[in-house]
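The values are calculated or read from the model by the stated rules, or taken from the named source; none is laboratory data. In this text, all values refer to a predicted model and were calculated from it rather than measured experimentally. Cβ atoms come from the backbone with ideal geometry, glycine included; neighbour counts cover every protein chain shown.
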Amino acid sequence: MLELIGLTWDAPDGRRILDDITLSFPSSGITVITGPNGGGKTTLLKIVMDIEHPLKGKVLFDGEDITSLDTTERARMGISYGFQTPVRFKGITIHDLLEIASGKSLEKEDVNRLLAKVGLCGKDYAEREVDQTLSGGEIKRIEIASVLARESRIAIFDEPEAGIDIWSFSGLISVFEELKKGDVPVLIVSHQERLMEIADRIIVIEGGRVSMDGKSEDVLKKLLPSACPLKKNGERV
């Protein structure tokens, strides 16, 4: 379980971005963190990965205080972070990238299996370079495959829908629906209603504080009061 206790963080110009936030996350399911721009959503998850360090507060992982651990140490513990704009590596193949992520040699079948989980065909993608020839949707899926390759204990994604066209976005939703069935907790910063609809929990952060926190359907009713109700399969009634 991930626990955030009394997290406070100030921007370099002195503005308070996070103000005494305390949250806990279970060992499975999807949590979407949303809210106005500048409210502190991304900063909160960067603190989990030690990309940013809190002014005050603690980060606990499975009961252990990891506040003083750096990004590399947290990655070794199984915390994975997917950036809003994934890094591209000219000269490195997707097969290479997945091996680096996993920390071990992967057979062709292993790579194909990981790519299949994110809706990509290994035959077409395994030996392609992780460069500018990949579309936004493709690079996002590959980044998710790299998170799966790490056998993460918690997976964090910062606005995975950013830069994705409508066709690729549908595929991305399918990937997260599959991740939801697993036993790894997934934390997503997003403004996308469709991602919020498939979430188990939604947390709204604004002005550096948690303004709403609850089951997806309950929070969505407050965020989108005029929206039509949803069927269980996520389609509009």
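Give me the residue from segment 125-136 that is more than 19 Å from Asn112 (Cβ to Cβ), in a loop (DSSP other than H, G, I, E, B) and not charged (D, E, K, R) and, out of that set, nearest to the chain's Cα centre (by Cα). Applying the filter and picking the extreme gives Ser135. Scanning segment 77-89 for residues that are at pLDDT 90 or above and either over 25 Å from Phe61 (Cβ atoms) or assigned to a helix (DSSP H, G or I) (or both) yields one hit, Met77. Given the condition among the hydroxyl-bearing types (Ser, Thr, Tyr), within 28 Å of Cys121 (Cβ to Cβ) and not in a loop (DSSP other than H, G, I, E, B), answer yes or no: does some residue in segment 156-169 qualify? Checked against the condition, which is being among the hydroxyl-bearing types (Ser, Thr, Tyr), within 28 Å of Cys121 (Cβ to Cβ) and not in a loop (DSSP other than H, G, I, E, B), segment 156-169 yields at least one hit. Checked against (1) surrounded by fewer than 18 Cβ atoms within 10 Å (Cβ to Cβ); (2) under 22 Å from Leu179 (Cβ atoms); (3) not charged (D, E, K, R), Gly38 meets all criteria but (2).
Summed over segment 107-124, the residues that are outside any helix (DSSP H, G or I) and over 24 Å from the mean Cα position of the chain (by Cα) give a count of 1.
Let's see how each residue does on (1) within 25 Å of Asp200 (Cβ to Cβ); (2) modelled with pLDDT under 95:
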site: Ile5; (1), (2): yes, no
site: Gly14; (1), (2): no, yes
site: Leu18; (1), (2): yes, no
site: Ile21; (1), (2): yes, no
site: Val32; (1), (2): yes, no
site: Pro36; (1), (2): yes, yes
site: Gly39; (1), (2): yes, yes
site: Ile47; (1), (2): yes, no
site: Ile66; (1), (2): yes, no
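In segment 174-199, the residues that are closer than 19 Å to Phe25 by Cβ and in a strand (DSSP E or B) reach residues that are at pLDDT 90 or above and of a type in the set (Phe, Trp, Tyr) with C-beta atoms within less than 6 angstrom, at least six apart or across chains, in these pairs: Ile188/Phe157.
Out of everything in segment 215-224 that is in contact with a strand residue (DSSP E or B) (Cβ under 9 Å, 6 or more places away or on another chain) and within 18 Å of Pro36 (Cβ to Cβ), what residue ends up being surrounded by the fewest Cβ atoms within 10 Å (Cβ to Cβ)? Spell out how you get there, then give the answer.
Restricting attention to segment 215-224, the residues satisfying the condition of being in contact with a strand residue (DSSP E or B) (Cβ under 9 Å, 6 or more places away or on another chain) are 215-220, 222-223.
Now drop any that are not within 18 Å of Pro36 (Cβ to Cβ), which leaves 219-220, 222-223.
On the way: Val219: 20, Leu220: 20, Lys222: 12, Leu223: 15.
In this case the residue turns out to be Lys222.
Selection of segment 137-155 for residues being basic (Lys, Arg), under 13 Å from the mean Cα position of the chain (by Cα) and in a loop (DSSP other than H, G, I, E, B) yields only Arg153.
Can you go through Ile92, Ile51 and tell me which one is surrounded by 13 or more Cβ atoms within 10 Å (Cβ to Cβ), within 16 Å of the chain's Cα centre (by Cα) and either touching a residue at least 24 places away in the same chain (Cβ under 8 Å) or part of a loop (DSSP other than H, G, I, E, B) (or both)? Break it down into steps so the answer makes sense when it comes.
Details: Ile92 fails: within 16 Å of the chain's Cα centre (by Cα).
Answer to the check: Ile51.
Among all residues of segment 55-71, there is at least one that is assigned to a helix (DSSP H, G or I) and either surrounded by 13 or more Cβ atoms within 10 Å (Cβ to Cβ) or not aromatic (Phe, Trp, Tyr) (or both).
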